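Peer 1: Have a look at the structure that comes next, please.
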Amino acid sequence: MKATYRFAALLLALLFTTPANSFADDRHKFRLARQLAVFNAIVKDLNLFYVDSIMPDKMINKGIEAMLRNLDPYTVYYPEDKDEELKMMTTGKYAGVGSTIRFHKDKNTTVFTGPYENMPAFKAGVRAGDAIISIDGKKTEGLSVDSVSDMLRGEPGTKLTVVVERPGKKEKLTFKLERESIALPAISYYGMQKEDIGYIALESFTENCAKEMRHAVVDLKKKGAKSFIIDLRSNGGGLLDEAIEIVNLFVPKGKVIVTTKGKIKQSNETFETRREPIDTESPIVVLVDGQTASASEIVAGALQDLDRAVIIGSRTFGKGLVQSTRPVSGGGHLKLTTAKYYIPSGRCVQALDYSHMIEDGKTTRVPDSLTNVFHTAAGREVRDGGGIRPDIEPKGEELSTLIFHLLQDMTVFDFATEFCLKNESIEPASTFTISDKTYEEFKQFIKAKNFSYDLMSVKALTDLKKLVELEGFKEIVKEEIESLEKKLQANLDHSLEHFSKDVKTLIADEIVRRYYGDKGGIIYNLREDTDILESYKILGDKEKYNEILTPKAKEVKETKE
């Protein structure tokens, strides 16, 4: 009898639920069609009656951009003329002259900052510091970096003429360049560290980066590597398939690495390792930071969930969303978020909830108190939301206000340019240092540039003054406030002395990259890198390494329960 009642109840539920769902779906489609009709009518009226002629392409593109901004920052429309940007994101390839560029505020134009070795700009003799005056006769003064970049890029084999001003040269220099297909390597550097530790700096997850990684691992093993450091810091991610292939290098075939879940059936997929690995035993450390995102978090998170690596650094960005591209009529493409991804433990690392945006477009981060506990293969506790939490978080020094402003400014860049004019060569990147003489020259250089910066402490004191006045303490603390104001005046000499170690590192990094490229910069910075030094300790202590990957007694008990 009870079974009959249950069946009748289920039948009633189905009878009433199905039409309701169908009705809601029809209503949604009707509202969408109606709003599209409204949009179409407005565009037509603007075209017919607006006092001035409208530019349909520009106006509608702006409308699309505004619409997509209400979703998430990863859903983007690429018109046909911007398809190259999308191609570069996924493949790491583009056609151009092969150099990084940056806008120089003092010169009011864009400068070459790093011609890639054996690329058109480099082969023609372009140097870092060369200020671009014109491209094919068109002046570049005041143009944005994006505008100049568009002018430098084009079809492979096409030619262009670039006129530059070089520091130390009175006459302008003219370069006739031929654009080539530029393929940026996913691995900027790999090499041996501390006798038997192999280091690999993976910059992006573009096409074939897993093959580059395989080659690097095999080569390092031949050179005697018994453990590895995989550096994913500042790696913003890329292709999902490449991330899975890289994890597959270190874990057995048949392991679930990622599960994606979206609105439509095609978005729900499970991705497993498909090949035999090349190394399942060597200890691994993965370095991460706040800019480690997306595919990088899949690699770091999967290796953590499978207890295959120790994660060192700071908490990752927290991007647990998957994007797909769809062709759009007219030749463009829409890159849109189609799913969330879940790593082996079952957790999603997404930190921001874009479905509940505040009016000004801001989103809130998932608080730690609302995250959920998951467990690695061995039973260690890990949490969802807010990115990947490292197993070890070394305490690095805080970035000083002086260093922050120097990074935003071009003073160090300009000093390096002058240094290179005076010095044909320098010591190897692994031993180069800034001498006291060179640092004194920098001090004089920065003063001549009238470099200035705002102290955060001064801003905080200004806010404090307003607060004590509102609360009626102005006269009571007047002397103390005035005393602090005098002491907190920005003193460049004091700051350059107090933070001399950090400033010297900044200068040395810029100079080394001029002579040895990005590879040289990495080699130089590895010497005193806090995360690297911590990695050496962990990889040099097998007992400690295994202890980190072993669940605590409390975790084992909770897992069994």
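Peer 1: Would you confirm, using the coordinates I've provided, whether Lys139 is surrounded by fewer than 17 Cβ atoms within 10 Å (Cβ to Cβ), within 23 Å of Tyr94 (Cα to Cα) and of a type in the set (Lys, Arg)? Full working, then the answer.
Peer 2: On the way: surrounded by fewer than 17 Cβ atoms within 10 Å (Cβ to Cβ): yes; within 23 Å of Tyr94 (Cα to Cα): no; of a type in the set (Lys, Arg): yes.
Judged against the criteria, Lys139 is not a match.
Peer 1: Among the residues of segment 267-277, are any charged (D, E, K, R), touching a strand residue (DSSP E or B) at 6+ places or on another chain (Cβ under 8 Å) and open to solvent by less than 40 Å² (accessible area, probe 1.4 Å)?
Peer 2: First, pick out the residues of segment 267-277 that are charged (D, E, K, R): 269, 272, 274-276.
Imposing the further condition that a residue be touching a strand residue (DSSP E or B) at 6+ places or on another chain (Cβ under 8 Å) reduces the set to 269, 272.
Of the ones still in play, those that are also open to solvent by less than 40 Å² (accessible area, probe 1.4 Å) are none.
No, because not a single residue in segment 267-277 is charged (D, E, K, R), touching a strand residue (DSSP E or B) at 6+ places or on another chain (Cβ under 8 Å) and open to solvent by less than 40 Å² (accessible area, probe 1.4 Å).
Listed here are the residues, each with its yes/no results for (1) modelled with pLDDT under 95; (2) in contact with a Phe, Trp or Tyr (Cβ under 9 Å, 6 or more places away or on another chain); (3) open to solvent by less than 20 Å² (accessible area, probe 1.4 Å).
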residue	(1), (2), (3)
Val163	no, yes, no
Lys169	yes, no, no
Lys176	no, no, no
Gly191	no, yes, yes
Lys194	yes, yes, no
Arg233	no, no, no
Gly238	yes, yes, no
Glu242	no, yes, no
Leu249	no, no, yes
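Peer 1: Another question, then. Here is a list of conditions, (1) surrounded by fewer than 19 Cβ atoms within 10 Å (Cβ to Cβ); (2) at pLDDT 90 or above; (3) in contact with a Lys or Arg (Cβ under 8 Å, 6 or more places away or on another chain), and His375 meets all of them except one; can you say which number that is?
Peer 2: (3)
Peer 1: Let me ask something else about it. Report, ordered by the first and then the second residue, all pairs with beta carbons closer than 9 Å, sequence separation of six or more or different chains, a first member in segment 329-340 that is of a type in the set (Lys, Arg), and a second member that is not in a strand (DSSP E or B).
Peer 2: Pairs that qualify, where the first residue is of a type in the set (Lys, Arg) and the partner is not in a strand (DSSP E or B), are Lys335/Tyr74; Lys335/Thr75; Lys335/Leu86; Lys335/Met89; Lys340/Gly320; Lys340/Cys348; Lys340/Gln350.
Peer 1: Name the single residue that is least open to solvent (accessible area, probe 1.4 Å) among those in segment 402-440 being of a type in the set (D, E, K, R) and part of a loop (DSSP other than H, G, I, E, B).
Peer 2: Initial filter on segment 402-440 (of a type in the set (D, E, K, R)): 409, 414, 418, 422, 424, 427, 436-437, 440.
Keeping just the survivors that are part of a loop (DSSP other than H, G, I, E, B) gives 409, 424, 427.
Working: Asp409: 56, Glu424: 181, Glu427: 92 Å².
Among those that are of a type in the set (D, E, K, R) and part of a loop (DSSP other than H, G, I, E, B), it is Asp409.
Peer 1: Residues Glu469, Glu441, Glu497: which one is acidic (Asp, Glu), farther than 24 Å from Ile403 by Cβ and without any contact (Cβ under 8 Å) to a residue 40 or more places away in the chain?
Peer 2: Values: Glu441 fails: farther than 24 Å from Ile403 by Cβ; Glu497 fails: farther than 24 Å from Ile403 by Cβ.
Just one listed residue meets the conditions, Glu469.
Peer 1: Continuing with this model, one more query. Looking at (1) modelled with pLDDT under 95; (2) open to solvent by 20 Å² or more (accessible area, probe 1.4 Å); (3) under 29 Å from the mean Cα position of the chain (by Cα), find the lone condition where Asn450 falls short.
Peer 2: Of the numbered conditions (1) modelled with pLDDT under 95; (2) open to solvent by 20 Å² or more (accessible area, probe 1.4 Å); (3) under 29 Å from the mean Cα position of the chain (by Cα), the odd one out for Asn450 is (3).
Peer 1: When the residues of segment 338-347 are filtered to those that are over 19 Å from the mean Cα position of the chain (by Cα) and of a type outside the set (Lys, Arg), which remaining residue is farthest from Thr260 (Cα to Cα)?
Peer 2: The residue in question is Ser345.
Peer 1: Still on this structure, I have one more. Can you pull out the residues in segment 214-231 that are among the acidic types (Asp, Glu) and crowded, with 16+ Cβ neighbours inside 10 Å? Please lay out each step first, then the result.
Peer 2: So in segment 214-231, the residues among the acidic types (Asp, Glu) come out as 219, 231.
Correct list: Asp231 only.
Peer 1: Another question, then. Any residue in segment 147-175 that is of a type in the set (Lys, Arg) sitting within a Cβ distance under 7 Å of a residue that is open to solvent by 40 Å² or more (accessible area, probe 1.4 Å)? List the pairs, counting only those 6 or more apart or interchain.
Peer 2: That search, which allows pairs on different chains as well, returns Arg153/Glu84; Lys159/Lys176; Lys159/Glu178; Arg166/Arg127; Arg166/Leu173; Lys172/Ile133; Lys172/Glu165.
Peer 1: Here's another thing I want to ask about it. Does Arg315 satisfy the criteria of being farther than 14 Å from Gly346 by Cα, more than 22 Å from the chain's Cα centre (by Cα) and charged (D, E, K, R)?
Peer 2: Values: farther than 14 Å from Gly346 by Cα: yes; more than 22 Å from the chain's Cα centre (by Cα): no; charged (D, E, K, R): yes.
The answer is no for Arg315.
Peer 1: Among the numbered conditions (1) small (Gly, Ala, Ser); (2) within 26 Å of Arg315 (Cα to Cα); (3) exposed (fewer than 15 other Cβ atoms within 10 Å of the Cβ), tell me where Ala186 comes up short.
Peer 2: Only one criterion is unmet by Ala186, namely (3).
Peer 1: Right, Leu334: surrounded by fewer than 21 Cβ atoms within 10 Å (Cβ to Cβ), of a type in the set (A, V, I, L, M, F, W, C), over 28 Å from Lys255 (Cβ atoms) and in contact with a Phe, Trp or Tyr (Cβ under 7 Å, 6 or more places away or on another chain) or not? Give the steps one after another, and end with the answer.
Peer 2: Details: surrounded by fewer than 21 Cβ atoms within 10 Å (Cβ to Cβ): yes; of a type in the set (A, V, I, L, M, F, W, C): yes; over 28 Å from Lys255 (Cβ atoms): yes; in contact with a Phe, Trp or Tyr (Cβ under 7 Å, 6 or more places away or on another chain): yes.
Against the criterion (surrounded by fewer than 21 Cβ atoms within 10 Å (Cβ to Cβ), of a type in the set (A, V, I, L, M, F, W, C), over 28 Å from Lys255 (Cβ atoms) and in contact with a Phe, Trp or Tyr (Cβ under 7 Å, 6 or more places away or on another chain)), Leu334 qualifies.
Peer 1: Let me ask something additional. Residues that are under 26 Å from Ala448 (Cβ atoms), more than 22 Å from the chain's Cα centre (by Cα) and touching a residue at least 24 places away in the same chain (Cβ under 8 Å), at least 1 per element: which strands (runs of 3 or more DSSP E) completely within segment 67-146 meet that?
Peer 2: Numbers: elements: 76-78, 93-96, 99-104, 109-115, 131-135.
It comes to 99-104, 109-115, 131-135.
Peer 1: While we're on this one: Can you list the strands (runs of 3 or more DSSP E) lying wholly within segment 304-396 that have 2 or more residues being more than 27 Å from Met88 (Cβ to Cβ)?
Peer 2: On the way: elements: 310-313, 321-327, 333-342, 373-375, 381-383.
Filter on segment 304-396 gives 310-313, 373-375, 381-383.
Peer 1: Within segment 280-292, restricting attention to residues that are touching a residue at least 24 places away in the same chain (Cβ under 8 Å) and open to solvent by 10 Å² or more (accessible area, probe 1.4 Å), which residue is farthest from Tyr545 (Cα to Cα)? Quick ask: steps written out before the conclusion?
Peer 2: Start the filter on segment 280-292 by keeping residues that are touching a residue at least 24 places away in the same chain (Cβ under 8 Å), which leaves 280, 282-292.
Among the residues that remain, those that are also open to solvent by 10 Å² or more (accessible area, probe 1.4 Å) are: 280, 282-283, 289-291.
On the way: Thr280: 15, Ser282: 11, Pro283: 8, Asp289: 20, Gly290: 23, Gln291: 25 Å.
Once the filter is applied, the top-ranked residue is Gln291.
Peer 1: Can you pull out the residues in segment 42-72 that are open to solvent by less than 80 Å² (accessible area, probe 1.4 Å) and either within 30 Å of Ile182 (Cβ to Cβ) or of a type in the set (Ser, Thr, Tyr) (or both)?
Peer 2: Result: Asn61, Ile64, Leu68, Asp72.
Peer 1: Okay, moving on. Which of the residues that make up segment 187-227 are under 20 Å from Ala300 (Cα atoms) and of a type in the set (D, E, K, R)?
Peer 2: Residues satisfying the conditions are Glu203, Glu207, Lys211, Glu212, Arg214, Lys226.
The values are calculated or read from the model by the stated rules, or taken from the named source; none is laboratory data. Since we're looking at a predicted model, the values are computed, not measured. Because the Cβ atoms are built from the backbone with ideal geometry, glycine has one as well, and the counts that use them run over all protein chains shown. For accessibility, only protein heavy atoms count, side chains too; no ligands or nucleic acids. Shrake-Rupley method; radii C 1.70, N 1.55, O 1.52, S 1.80 Å.
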